[in-house]
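Visitor: I'd like to ask you about the structure that follows.
Since every read-out is calculated from the coordinates, none of them should be taken as a lab result. As the structure is a computational prediction, the values presented were derived from the model and not from experiment.
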Amino acid sequence: MQDQIDTQIRAFIEPRFAGRAWSDDDDIFAMGFVDSMFAMEVVMFIERTFAVTMPNDELHMGNFRSVRSMAALVRRISAAPQAGAVSA
């Protein structure tokens, strides 16, 4: 599943880097191709694609700087107990 998360996030971001080499560890903000509007698009993409709700305390740039950091965020949110969930 880890590879699928990384791959899906990369596929969503990759068109912003047309013809430019970059890795899943590169800081996409430092590269200058991502602005705050696109960051919100990424949040919406992550929520929709991975069926998660982004907690407010996770909305900081450190979680969105690279494909790897976003994938780690998805795994962390997916593993967390959901608010209002009832355990048996």
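Visitor: Calculate for the chain the 222 nm mean residue ellipticity that helices alone would give, adding -39,500 (n - 2.57) per DSSP H run of length 4 or more and normalising by residue count, nearest 500 deg cm²/dmol.
Guide: On the way: 3 runs with 40 residues, N = 88.
One gets -14500 deg cm²/dmol as the mean residue ellipticity at 222 nm.
Visitor: So how tilted is helix 36-50 from the main axis of the chain? Cα-based, degrees 0 to 90, rounded to 10.
Guide: The angle comes out at about 50 degrees.
Visitor: Also: Taking the chain as a Gaussian network, where each spring joins two C-alpha atoms under 10 Å apart, which residue of 24, 57, 35 fluctuates the most?
Guide: 57
Visitor: Relative contact order (percent) for segment 2-79, with alpha-carbon contacts under 8 angstrom and 6 or more residues of separation? Intermediate values should be presented prior to the final figure.
Guide: On the way: 51 pairs, mean separation 33.4, N = 78.
Contact order relative to length: 43 percent.
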